[in-house]
Amino acid sequence: MGDTPRDDSRDLTYGSYLRLDRLLDCQEPRTGAHDELLFVIIHQVYELWFKQILHEAALLQKRLEEGNSGGALHTARRIAKILKTVVGQLDVLETMTPRQFASFRDALGTSSGFQSAQFRELEAVLGRREFPASDLRDDERLQAAVGRRSVFDSLLRYLAGLGHAVPAAALDRDPAEPWRPDQGVQKVLLDAYADESGPAAEVCEALVDVDEGIQEWRYRHVMMVERTIGAKLGTGGSAGADYLRSTLFRPAFPDLWEVRSQIEEVPVHGR
């Protein structure tokens with residue numbers, strides 16, 4: 001008989017399960033400034049949440065393409081809740097004054113939040129396809145995300161599975177190409193919204209919550225940067241608030257927003 005796997009559960013502790021010795025050793029401020037530790041921890045926590053959102057987004061797409069309405073709805077709502085938490089962390093970061101940030105800013109060198117590979121990957125999963133050539137060349141995960149179906153592509157397959165007449169061109173398109181708003185798809189979304197208590201409408205609304213969460217994060221991020229460094233260039237020579245402002249009001253799922261102006265009022269009985 002071969003050796004049986006050793007059960008280490010009796011030796012497992014809170015600290016060893018969470019690898020706290022490694023986790024709490026990951027913060028290495030480069031200066032003696034008091035607020036640098038806060039800056040490091042908040043950005044590390046952002047990256048942990050981005051990792052979890054990517055994990056959830058993969059499950060969301062799987063559930064959509066399997067036609068699992070309840071599971072997709074639950075997962076989309078979880079992502080939206082995580083985004084609320086991510087946005088809320090900016091309240092903590094904004095307790096740091098411009099002078100406190102300036103006390104260690106020079107030590108950041110060329111590092112910048114624009115270099116977050118996980119956030120770029122999240123953007124790709126949600127549908128962004130136009131990235132600088134250098135980002136695509138240097139990031140295999142981003143290359144893979146750009147080449148496969150986005151969350152919205154999975155939503156279209158979900159709707160087709162429910163019997164909605166999704167245009168074949170939308171289902172068969174090259175997922176590596178940027179999505180362009182489509183009137184045929186918008187008609188399908190209007191049909192889905194016709195039964196506002198149905199699973200398709202609820203799933204669509206949950207994806208709007210996710211999209212709104214990303215846009216809220218962008219807006220709050222802009223305001224945080226402006227109140228901290230004003231009109232200065234960002235760390236690493238990035239364009240700072242000017243660039244961030246240019247990313248506002250760019251929904252991941254434009255068709256889900258466009259149909260809102262096309263939904264007709266339901267007449268009230270007796271009028």
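Computed from the coordinates by the stated procedures, all read-outs in this text should not be read as laboratory data. If you're wondering where the values come from, they're calculated on a predicted model, not measured in any experiment. In this analysis, Cβ positions are derived from the backbone assuming ideal geometry, glycine residues included, and neighbour counts consider all displayed protein chains.
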If you filter the stretch 76-133 for GluC sites (Glu not before Pro), then keep DSSP loop positions with at most 11 other Cβ within 10 Å, what is left? Glu130
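Would you compute, from DSSP H runs of 4+ residues alone, the mean residue ellipticity of the chain at 222 nm, taking -39500 (n - 2.57) per run and dividing by the full residue count, rounded to the nearest 500? List each step's numbers first, then the result.
Values: 14 runs with 166 residues, N = 271.
Theoretical 222 nm ellipticity from helices: -19000 deg cm²/dmol.
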Spin-label point model (7 Å from Cα, Cβ direction): what's the Ala201 to Arg10 distance in nm? 5.8
Taking Cα atoms, the helix 199-229 axis meets the longest principal axis of the chain at an angle in degrees (rounded to 10) of 30
Quick calc, Lys62 & His164: beta-carbon distance into FRET formula, R0 22 Å, rounding 0.05, result 0.65
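Within the set of other residues whose C-beta is less than 12 Å from the C-beta of Glu202, count the net charge using Lys and Arg as +1 and Asp and Glu as -1.
On the way: positive: Arg77; negative: Asp195, Glu196, Glu205, Asp209.
Charge balance in the 12 Å sphere: -3.
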Just to be sure I understand, if you calculate percent of Cα pairs over 36 Å apart for this structure, which of [x] 28; [y] 9; [z] 21 do you get? [x]
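Magnitude of the Cβ-charge dipole of the chain, K/R +1 and D/E -1, about the Cα centre, nearest 20 debye?
Working: 33 positive and 43 negative charges, 79 e Å.
Around 380 debye, computed over the chain.
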